[in-house]
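Working notes, beginning with the structure itself.
The values are calculated or read from the model by the stated rules, or taken from the named source; none is laboratory data. Computed from a prediction, not measured in an experiment: that's the story for all the values here. Virtual Cβ from ideal backbone geometry, glycine too; neighbours counted across all protein chains shown. Protein only, heavy atoms only, side chains kept; ligands, DNA and RNA dropped before computing areas. Shrake-Rupley method; radii C 1.70, N 1.55, O 1.52, S 1.80 Å.
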Amino acid sequence: MSPREYKLIFTGSMGAGKTTAIAAVSEIEPCSTDVANNDSGGHAKATTTAALDYGEITLTGGDKLRLYGTPGQSRFDFMWKILGQGSLGVIILIDNSRPDPLRDLRDYAQAFGDALAESRAVVGIGRWQTHPSPSIEEFHEAVRDLGYAAPVLSVDVRERRDVLMLLDVLFHQIEAAEQHAVPAIADMETP
Amino acid sequence: MSAETKLVSRTEASIYHAHIDALMTLQPEISGVLISTVDGFEIAAKLTPGLSAAKLSAMTSSLLALAEAMCKETASGACRDMVIDAEKSRILLMELPHHKQKLVLAVLCTNKVTLGQVLWAVRTCREQLSRRLDML
Ligand SMILES: Nc1nc2c(ncn2[C@@H]2O[C@H](COP(=O)(O)OP(=O)(O)OP(=O)(O)O)[C@@H](O)[C@H]2O)c(=O)[nH]1
Ligand SMILES: [Mg+2]
């Protein structure tokens, strides 16, 4: 069988770590569209993504993961729609140090509702070590309250292993929901 | 965040508007001009009713960021202008550098204009604007 390609989307609030996560796992130099950040109230970092991030992972069987990161702020929501088209799954990243992380979850879950409704999503909670509230259980409940099912786990987006784990959990979720033939973690952990 | 109050002074704002007006008077085929930050916050705009400066600012930011990524990918050097040639209009996007911060400029015009003519007018306006801002 010829190699397949899977399009995956990293989304979530400004500073949650979409750009960092893709850079942590991509085997090519990621395409980044970060520009100077003027919204220090949104997040006090130097740059912010204006269009998209792009990275790739090739699995041992030759299948390819195409990783797209969205901008975080809602003024770029037209990019969310463009990037979401034709995606197999969505990774929602949460920065648990933000004022209302459960609300962030609801916002992005709603924006990527199609993927969540079909159980093609996973939620990664960042900075959980230093900000353990809301708890993972509260995020589970919030996902359930929205009428969706998605695994929730804590991650450090700076760690390759953590990001690969997110992708693996996402694939298991998709497989369980759709009996889709999807790659396994064994493929991904091979460098 | 309200970009206009936080990102530019009253003096700067009036300079932007004066240059926008001058450009639109010089080139009547230009129907709208928008100046925003590289990350998509509106700074100054004169657009036809019904167009959202906030949304177009974000789109200008995305398009120019993507154009720059493509220039980098293809080793093309710095990205100068971007021209969108549409059925009913032409849209020019370009950077507007000055010493304090990099801004971006979007110009909407009918497709009746000669591209060279409007590009020349916009570039001249941009240079005058940069010079004027650097004097502050
Ligand atoms: N100290 C600490 N820093 C973290 C942690 N997780 C992420 N970061 C940092 O948070 C920042 C995230 O920035 P980006 O990757 O640009 O975030 P983004 O989601 O792409 O943001 P936008 O594109 O602006 O929406 C990076 O500087 C990471 O190093 C963490 O657990 N601890
Ligand atoms: Mg980013």
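Here is how the numbers come out for the structure above:
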| read-out | value |
| --- | --- |
| Subset tally (residues that are within 8 Å of chain B (Cβ to nearest Cβ) and closer than 14 Å to A:Asp107 by Cβ) for region A:74-87 | 2 |
| Whichever residue in region A:13-43 is near ligand 1 (Cβ under 10 Å from one of its atoms) and among the hydrophobic types (A, V, I, L, M, F, W, C) and, among such residues, is nearest to the other protein chains (Cβ to nearest Cβ) | A:Val35 |
| Residue under evaluation A:Asp95, criteria (1) charged (D, E, K, R); (2) buried (at least 17 other Cβ atoms within 10 Å of the Cβ); (3) more than 9 Å from ligand 1 (Cβ to nearest atom); (4) more than 11 Å from every other protein chain (Cβ to nearest Cβ), criterion not met | (3) |
| Single residue of region A:1-39 satisfying the filter (of a type in the set (A, V, I, L, M, F, W, C) and in a strand (DSSP E or B)) that is nearest to ligand 2 (Cβ to nearest atom) | A:Phe10 |
| A:Ala46 vs. criteria under 15 Å from the mean Cα position of the chain (by Cα), within 11 Å of ligand 1 (Cβ to nearest atom) and within 24 Å of B:Asp39 (Cβ to Cβ) | no |
| Scope region B:105-122; condition open to solvent by 60 Å² or more (accessible area, probe 1.4 Å) and without any contact (Cβ under 8 Å) to a residue 24 or more places away in the chain; matching residues | B:Thr114, B:Trp120 |
| Those residues of region A:49-62 which are more than 16 Å from ligand 1 (Cβ to nearest atom) and either in contact with a strand residue (DSSP E or B) (Cβ under 7 Å, 6 or more places away or on another chain) or open to solvent by less than 20 Å² (accessible area, probe 1.4 Å) (or both), in sequence order | A:Glu56, A:Ile57, A:Thr58, A:Leu59 |
| Selection from region A:70-79 of residues that are without any contact (Cβ under 8 Å) to a residue 60 or more places away in the chain and either surrounded by 15 or more Cβ atoms within 10 Å (Cβ to Cβ) or away from ligand 1 (no atom under 11 Å from the Cβ) (or both) | A:Pro71, A:Gln73, A:Arg75, A:Phe76, A:Asp77, A:Phe78, A:Met79 |
| Test for A:Asp104: is it in contact with an Asp or Glu (Cβ under 6 Å, 6 or more places away or on another chain), surrounded by 14 or more Cβ atoms within 10 Å (Cβ to Cβ) and either at pLDDT below 95 or closer than 19 Å to A:Ala21 by Cα (or both) | no |
| Number of positions in region A:1-25 that are open to solvent by 20 Å² or more (accessible area, probe 1.4 Å) and modelled with pLDDT of 95 or more | 5 |
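Conditions (1) surrounded by fewer than 17 Cβ atoms within 10 Å (Cβ to Cβ); (2) not hydrophobic (A, V, I, L, M, F, W, C), marked per residue:
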position: A:Glu27; (1), (2): yes, yes
position: A:Asn38; (1), (2): no, yes
position: A:Gly42; (1), (2): no, yes
position: A:Ala46; (1), (2): yes, no
position: A:Leu65; (1), (2): no, no
position: A:Lys81; (1), (2): yes, yes
position: A:Ser87; (1), (2): no, yes
